[in-house]
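Notes to accompany the following structure.
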């Protein structure tokens, strides 16, 4: 087994997506330097934190947290770009596991019945081959045991990407984006669900998801993201 591992590492070396350094056998996805250098928010399970407050008045929210701060051109920006556009499926799952390992001890996931990743439009998911938010959720699920629900919420418009949009443009781009499936109403009544996305900027997309979910009787909504573009 060790010989096979050594041969695989020699012919197919694993590279840190942030700095390009070859990973050691003991390192996963990111090298130790990049992992320790991520801009962690340390929000954890702080009630009424600033990220949670940014959604007050938009929809009833139970809790919110994010692993890292986001800034253009930063290490986390480079990683998110790989996760979204360069087929880094394993990185998506591993970062979900990292997120969960950081937040789980704080009790952040207690009482959550299911994880709902922000869906892509089917056309975009076919083109990309995967939904990075779903893989992130599956990484969280692997550590917490909370099931992932992908058939309750659907994106009904193939809108332009949000990447180069700002402020009000993002809100317009996210209007009437999502719809509930027939399964959602009976399955999610009186459940505490957690929306999962890769990055929070203006909150337009997550709010659009919540806008349709709040029609379900007794539902409670929390959210978590890998990164938060605070102040953008």
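The values are calculated or read from the model by the stated rules, or taken from the named source; none is laboratory data. Note that the structure is predicted; figures quoted are calculated from it, not measured. With ideal geometry, Cβ positions are generated from the backbone for all residues, glycine too; neighbour counts draw on all protein chains shown.
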_Failed criterion for residue 48 (all others in (1) in contact with a helix residue (DSSP H, G or I) (Cβ under 9 Å, 6 or more places away or on another chain); (2) at pLDDT 95 or above hold)_ = (1)
*So which residues in region 119-137 are in contact (Cβ under 8 Å) with a residue 24 or more places away in the chain, touching a helix residue (DSSP H, G or I) at 6+ places or on another chain (Cβ under 6 Å) and farther than 16 Å from residue 67 by Cβ?*
130
*Enumeration of residues in region 13-47 that are within 17 Å of the chain's Cα centre (by Cα) and on the phi < 0 side of the Ramachandran plot*: 38, 39, 40, 41, 43, 45
_Show me the helices (runs of 4 or more DSSP H) found entirely inside region 64-151 where at least 1 residues are at pLDDT 95 or above and either in contact with a strand residue (DSSP E or B) (Cβ under 9 Å, 6 or more places away or on another chain) or surrounded by fewer than 21 Cβ atoms within 10 Å (Cβ to Cβ) (or both)._
89-103, 132-144
*Residues of region 27-44 being crowded, with 16+ Cβ neighbours inside 10 Å and under 30 Å from residue 213 (Cα atoms), which ones?*
41, 43, 44
*With the condition kept exactly as written, say whether any residue in region 158-173 is in a loop (DSSP other than H, G, I, E, B) and at pLDDT 85 or above.*
no
